[in-house]
Structures are given as structure tokens and as C-alpha cells.
Amino acid sequence: ETNVKSSIEFPTTTAANKSTLTNKQKPLHQSTVSGYTMCSPTFRKQDHIQKSSNKYGRVATDISDESSKDTIPQNNETTAHFTSSLKAFLLVAFISVAIMEFSLWFPFVIPGVASAAVKTYEPAWYKYDVDHTEFDNTAWTYGTDYLLTVVMAVLAIKCLMASAPDDCPKKNRASLRLRRYSASLLICYGLSTLAGAWAHQHFTSIDSLNTMRFRVLWYLCVGNVSFASCYMGLIGREVQQVFGVQGVVPLGPWWFWPAYGSYMAAACGLGYISFKRPACDIFIAGITQFPSTFYCLATLGLRKWPSSKTVGDSTSKESPIGLVRLSYRIMFYIGFIGNAPLLPMYPLLVQYSGLSLAGINTILHSWLMIMWGLQGISLLHLCKAMSSYKPKASKD
């Protein structure tokens with residue numbers, strides 16, 4: 001038998017083989033497994049795929065990082081806006097309720113007036129009777145009311161039309177909000193006196209006062225005074241933006257004062273501001289105006305004004321502040337705070353003066369004519385000052 005080798009001899013690498021291998025093309029990738037050298041082209045392909053994957057992974061990570069950096073400030077800004085709006089809402093709700101309660105309480109604690117106030121301010125909830133209700137129907141009362149309506153309408157129209165002397169559209173746009181708010185406040189006054197005049201002239205019996213027609217008409221009278229706080233606050237806000245010192249008086253959101261005025265008007269409609277003597281309603285509604293009144297006074301008063309010598313010259317026209325004259329500022333202050341003495345005066349006149357209701361109403365309406373007139377004249381001056389000011393050109 002022929003002897004067959006029972007084993008397979010594996011080739012070994014010699015020096016000659018090594019030199020031959022160096023002269024030939026080397027494999028793409030060498031891998032040594034258990035002493036064997038193998039060429040693996042797929043290893044380089046897989047390595048390329050892995051590197052590409054890592055590259056795109058880094059790109060994806062970078063993109064997500066950039067988007068997250070942009071999103072975080074937006075989220076923070078949205079959260080801050082929501083938080084500030086919530087705080088403002090809670091504040092206006094608290095102030096509205098607190099001021100309403102304060103207005104119904106304050107007349108009874110004024111020194112020297114409390115006993116007269118108890119006899120004068122008797123709650124009615126729009127239900128009137130012969131024993132306690134007094135409502136004047138003389139020409140002195142409704143005639144002065146009609147006169148107030150005419151004066152307020154004229155001043156409102158003048159404020160609304162207080163445009164720039166050269167009719168510059170840019171100046172007119174700059175003063176538009178102040179002109180509208182001022183006219184709206186004076187229109188509220190005018191609507192109130194118009195409704196009051198009509199009621200005093202045509203509702204002459206107790207039975208007529210208990211009708212729905214009178215309730216609606218008297219709500220227009222008192223409700224407009226209650227809602228006037230809205231426009232007072234908006235005027236103060238606009239005055240602060242234009243004439244005030246930044247940061248001294250807070251602006252708050254634009255809806256703050258409309259919300260406050262709406263609450264007071266709603267409370268009036270529900271009967272919270274209703275007394276056996278309907279004229280008392282106006283005085284309680286006037287007390288609810290004191291936050292917006294002092295806000296207006298603060299926005300125009302808490303600043304250093306230019307010297308009267310520089311007002312009106314060419315240098316003063318660099319800012320609308322220099323166009324506001326001292327005399328009109330004094331009118332503004334007196335006009336907005338000047339109705340405060342009527343609160344203690346009314347019950348004292350009713351209980352102790354011996355004057356007729358016609359005489360008392362004439363005195364009160366004459367007083368209102370002066371104070372509301374001062375408000376209208378000073379607001380007209382502010383509107384003209386704003387319309388005469390030439391805003392700087394925008395850099396945009």
C-alpha cells in the first residue's frame with residue numbers, strides 16, 4: 001500500500017514570502033485570528049459607516065441643542081407673561097372688591113358727617129317709597145344737567161379734534177390714544193348728566209321711579225360715572241408713557257383699568273350703588289374713582305418739570321414735556337381732586353342747610369361744571385401738546 005500523509009502541512013511564512021508580500025498589493029485590512037493573517041475589505045466599509053453614523057449623530061445633537069436653546073427663552077418669556085397677567089388679574093379683582101366695600105363704608109366714618117350720612121344714605125336696591133325717597137323735578141336740577149351735557153360734549157369734540165397744526169399724520173397718530181381717552185371720559189360725564197336730566201324732568205312720581213324704564217335710565221346716569229374710572233386710568237397710563245418718568249408709576253397691562261371700571265359698572269347695575277335718595281348713588285360712584293384719580297395725579301405730578309422760561313421756545317419742542325404749561329397742570333390737579341369736598345358736603349347740605357333740593361342740586365352741578373371743565377381744558381391742552389410734538393424718526 002501506498003503511504004498517504006495523514007496530516008496537512010500549512011505553509012509557513014519565510015523571508016522570501018515576506019519580501020514577495022511587500023512587493024505585492026497589500027490587503028485593504030489585515031486581521032490576525034489565531035495566528036492567521038486575513039484580508040477583510042468589509043471591515044473598512046463598516047468602519048466608514050460607523051464614522052458616518054457618528055458624524056450625523058453629532059450633527060443631530062448639535063441641531064437639537066440649538067433648537068432647545070431657542071425654545072427655552074421663549075418658554076421662559078411665555079411663563080413670565082402668564083405670571084404677570086395672573087398677578088394683574090388678581091390685583092384688579094382684589095382692588096375692585098375692596099374699593100367697592102370701602103366706598104359703601106367711608107361716608108359713615110367721616111368726622112362730623114357720620115350722623116348726617118346715616119340719615120341720608122339709605123340703601124334702596126332700586127326700590128323706592130314715599131317715606132324716604134326724595135327726587136327733585138324742578139328746572140333748576142334738570143336744566144343745569146342739560147347745560148353740563150352740552151359743555152362736556154363740546155370739550156369732548158375739541159379733545160378728539162386736537163390734531164397737529166400742520167395735520168401731520170405721524171403727530172396725529174402719536175396723540176390719537178390720549179385724544180380718544182380724554183374724549184371718552186368727557187362723553188361718560190355728558191351721558192351721565194343727560195340721563196340724569198331726562199330722569200329728573202320726566203319721572204315725577206314714586207311709582208314711576210319703580211319702573212324698569214327709570215332703572216335703566218338711572219343706571220346710564222350712575223353707571224357712566226362708575227365706568228369713568230376706566231378712562232381715567234387709561235389717561236393716566238398714557239400720560240405716564242408720554243410725560244411721566246419711566247419706572248416711577250407702574251403702567252400695568254392695558255386691560256387693568258377697563259376691568260376695574262367694568263366691575264364698578266356691573267356692581268351699579270346689580271343695585272349695590274342704589275339709595276332711597278337717588279342722588280346719593282352719584283357720590284358713592286364718585287368714591288370708586290379715587291384709585292384712578294390718584295393714578296392720574298401721580299403720572300403727571302411725580303416728575304421734575306422744565307422751567308417756565310423754557311416752555312414754548314424752540315428747545316422745549318424737543319420733548320412734549322416742555323409744551324405743557326404750569327397753569328394747565330394746576331388745572332389738571334384741581335380738576336381731578338376737586339370733587340372730593342362734595343362727598344361730606346352733600347349730606348350736610350341735605351340735613352342741616354335748610355336749602356331746597358333744587359338749590360342743593362344747583363350748587364352741586366355748578367361745582368361739577370367747574371371741576372369737570374378744568375379736567376376737560378387741561379386734557380385738551382395735553383392733547384394739543386402731544387399733537388404739536390414732532391416724534392423722532394424711527395431707526396427701523
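The values are calculated or read from the model by the stated rules, or taken from the named source; none is laboratory data. Bear in mind that the values here come from a model prediction, so they are computed numbers and not experimental data. When we count neighbours, we look across all protein chains shown, and the Cβ atoms used for this are built from the backbone with ideal geometry, even at glycine. SASA here: full protein model, heavy atoms, side chains in, ligands and nucleic acids out. Shrake-Rupley method; radii C 1.70, N 1.55, O 1.52, S 1.80 Å.
Here is a list: Gly190, Gly196. Which entry is touching an Asp or Glu at 6+ places or on another chain (Cβ under 9 Å) and either open to solvent by less than 80 Å² (accessible area, probe 1.4 Å) or in a loop (DSSP other than H, G, I, E, B) (or both)?
Gly196
Could you run through segment 211-252 and say how many residues are outside any helix (DSSP H, G or I) and surrounded by 16 or more Cβ atoms within 10 Å (Cβ to Cβ)?
4
One residue is enough: does segment 294-302 have a residue meeting the conditions farther than 24 Å from Leu91 by Cα and not in a helix (DSSP H, G or I)?
No, that holds for no residue.
Which ones in segment 125-149 are of a type outside the set (S, T, N, Q), surrounded by fewer than 19 Cβ atoms within 10 Å (Cβ to Cβ) and over 23 Å from Gly190 (Cα atoms)?
Within segment 125-149, Trp125, Lys127, Asp129, Val130, Asp131, His132, Glu134 meet the criteria.
Please find, among Trp372, Trp367, the residue that is open to solvent by 60 Å² or more (accessible area, probe 1.4 Å), in a helix (DSSP H, G or I) and closer than 20 Å to Leu191 by Cβ.
Trp367
Which residues, counting only those in segment 204-226, are of a type outside the set (A, V, I, L, M) and either touching a Lys or Arg at 6+ places or on another chain (Cβ under 7 Å) or in contact (Cβ under 8 Å) with a residue 24 or more places away in the chain (or both)?
Correct list: Thr204, Asn210, Arg215, Trp218, Tyr219, Cys221, Gly223, Asn224, Ser226.
Criterion first (without any contact (Cβ under 8 Å) to a residue 60 or more places away in the chain and either open to solvent by less than 20 Å² (accessible area, probe 1.4 Å) or not in a helix (DSSP H, G or I) (or both)) does Ala183 satisfy it?
yes
Which ones in segment 156-180 are surrounded by fewer than 17 Cβ atoms within 10 Å (Cβ to Cβ) and in contact (Cβ under 8 Å) with a residue 24 or more places away in the chain?
Across segment 156-180, the qualifying residues are Ile157, Pro165, Cys168, Lys170, Asn172.
Within segment 112-121, identify whether any single residue is crowded, with 20+ Cβ neighbours inside 10 Å and farther than 25 Å from Phe290 by Cα, and answer yes or no.
No, there is no match, as no residue in segment 112-121 is crowded, with 20+ Cβ neighbours inside 10 Å and farther than 25 Å from Phe290 by Cα.
Quick check on Ala153: is it open to solvent by 40 Å² or more (accessible area, probe 1.4 Å), under 18 Å from Leu379 (Cβ atoms) and in contact (Cβ under 8 Å) with a residue 24 or more places away in the chain?
yes
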